[in-house]
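Just below is one structure, and these are the notes that go with it.
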Ligand SMILES: Nc1ncnc2c1ncn2[C@@H]1O[C@H](COP(=O)(O)OP(=O)(O)O)[C@@H](O)[C@H]1O
Ligand SMILES: [Mg+2]
């Protein structure tokens, strides 16, 4: 019988929470439940600012996906984001003491564990130890050392660390619902799993996940992530600029932004398209006053995008990685759909640019094939890689006591 393993992800964004339930069978990941976008309350710039609101938001999202799925959510990979996310490089060496001299998975785990020994203060929690390059004796450039013979195993890693306080609060929100946490996954690392190809990562590529209040930045060189950071600006700032320019509220400004983004071709060649000279009738959005020029709106959007990409450039310059990413930039996240984004990104970073759509799952994927689900989908792929090495994983609903606990908790949170 085929081995069946449930993998779930909960993406806690600043504007929305999305949950995916899937199961891994014969190497394929089948989606069996999705929540779609569900409003995220209590999250500001990636961090939790109101626990009760976050718990309720997560509960709504999880129960939607859970209702659709034939597989229960017992545990989940959960996203973490915000300007508290940082990365450092770390290096470690271990001796291979097995009689056969053959490197085992345990040796790899041991060397990665040693790489964690850094001088980080207790206010920081390590969430990822990402191997970039292994060296077996004098042989460097090894991607997977398991099965190789040698006396000494060395690794270069990128360590992603976060505020312990933010991590603790996030875990609290999820575990209060009776859901175990598999791992916290940095949004940028998650999205990279679903939108980047192996050849882009090998060549050198910059991944940007632009959400509502955050821009997650990850640089890959020679196949591995070498740098991660989050800039606390995103699509909500563009909406805010439109709201201020038109003296409109945020809801109206958001509708206007989406409307003109959906009709303006983001390809650089058609930037000067016919839409440029059109106007929007303010009455259509319940506003008063004169017709609103689309050229004006595009310029408001462009200015903020220009700022975002210049902030990314500042980060890249700090690391001198700009010359190591010939595959260019892949933009994902909900704000990847913003009008003119490719053109502005290209003009600031002077690199090829494309929009990243999440791939790699099968089953009920229609709802999650949009850039705004890059991190939710990516966590499932990340999870499938992690769980491949485990023999028994969360089972199905009928035999699941934890599931009943979860259901009971959901009931407690639902309006009476
Ligand atoms: N069609 C669109 N055009 C422009 N912006 C969009 C569009 N759809 C969503 N967005 C923007 O994407 C952002 C949400 O992206 P998302 O990745 O879901 O955010 P988060 O993960 O931070 O909650 C919002 O600021 C929203 O305005
Ligand atoms: Mg997002």
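The values are calculated or read from the model by the stated rules, or taken from the named source; none is laboratory data. Predicted model, so just to flag it, every value in this text is computed and none were measured. All Cβ positions, glycine included, derive from the backbone under ideal geometry; neighbour counts span all protein chains shown.
Brief remarks follow.
- Among the residues of region 320-338, those identified as in a helix (DSSP H, G or I), in contact with a strand residue (DSSP E or B) (Cβ under 9 Å, 6 or more places away or on another chain) and either away from ligand 1 (no atom under 16 Å from the Cβ) or assigned by TED's automatic domain parsing to the domain that holds residue 370 (or both) are 322, 324.
- Taken over region 198-223, the criterion of being more than 18 Å from residue 379 (Cβ to Cβ), outside any strand (DSSP E or B) and either at pLDDT below 95 or away from ligand 1 (no atom under 15 Å from the Cβ) (or both) is satisfied by 198, 199, 200, 202, 203, 204, 222, 223.
- When each of 317, 346 is tested for being at pLDDT below 95, outside the structural domain of residue 61 (by TED's automatic domain parsing) and either away from ligand 1 (no atom under 11 Å from the Cβ) or assigned to a helix (DSSP H, G or I) (or both), the lone residue that passes is 317.
- Only one of 316, 287 that is surrounded by 16 or more Cβ atoms within 10 Å (Cβ to Cβ) and out of contact with any strand residue (DSSP E or B) (no Cβ under 8 Å at 6 or more places or on another chain): 287
- Filtered by the rule that a residue be more than 16 Å from residue 319 (Cβ to Cβ) and within 16 Å of ligand 2 (Cβ to nearest atom), region 197-214 gives 209, 210, 211, 212, 213, 214.
- Taken over region 370-381, the criterion of being within 15 Å of ligand 2 (Cβ to nearest atom) and closer than 19 Å to residue 26 by Cβ is satisfied by 380 alone.
- Evaluating residue 356 against the criteria (1) surrounded by fewer than 24 Cβ atoms within 10 Å (Cβ to Cβ); (2) in contact with a strand residue (DSSP E or B) (Cβ under 9 Å, 6 or more places away or on another chain) leaves one unmet condition, (1).
- Among all residues of region 357-370, there is at least one that is within 12 Å of ligand 1 (Cβ to nearest atom), in contact with a helix residue (DSSP H, G or I) (Cβ under 9 Å, 6 or more places away or on another chain) and in a helix (DSSP H, G or I).
- Single residue of 55, 78 found to be at pLDDT 90 or above and either in contact with a strand residue (DSSP E or B) (Cβ under 9 Å, 6 or more places away or on another chain) or not assigned by TED's automatic domain parsing to the domain that holds residue 363 (or both): 78
- Residue 161 vs. criteria within 16 Å of ligand 1 (Cβ to nearest atom) and closer than 23 Å to residue 315 by Cα: no
- Elements of type strands (runs of 3 or more DSSP E) in region 1-102, at least 1 residues being within 16 Å of ligand 2 (Cβ to nearest atom): 4-12, 16-25, 28-34, 75-80
- Subset tally (residues that are closer than 14 Å to residue 381 by Cβ and within 16 Å of ligand 1 (Cβ to nearest atom)) for region 174-185: 1
This table checks each residue for (1) without any contact (Cβ under 8 Å) to a residue 60 or more places away in the chain; (2) within 26 Å of residue 129 (Cβ to Cβ); (3) surrounded by fewer than 20 Cβ atoms within 10 Å (Cβ to Cβ); (4) over 18 Å from the mean Cα position of the chain (by Cα).
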position: 209; (1), (2), (3), (4): no, yes, no, no
position: 213; (1), (2), (3), (4): no, no, no, no
position: 218; (1), (2), (3), (4): yes, yes, no, no
position: 224; (1), (2), (3), (4): no, yes, yes, no
position: 230; (1), (2), (3), (4): no, yes, no, no
position: 235; (1), (2), (3), (4): no, no, no, no
position: 241; (1), (2), (3), (4): no, no, yes, yes
position: 246; (1), (2), (3), (4): yes, no, no, yes
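- Taking the listed residues 235, 180, the one that is within 16 Å of ligand 2 (Cβ to nearest atom) and on the phi < 0 side of the Ramachandran plot is 235, with no other qualifying.
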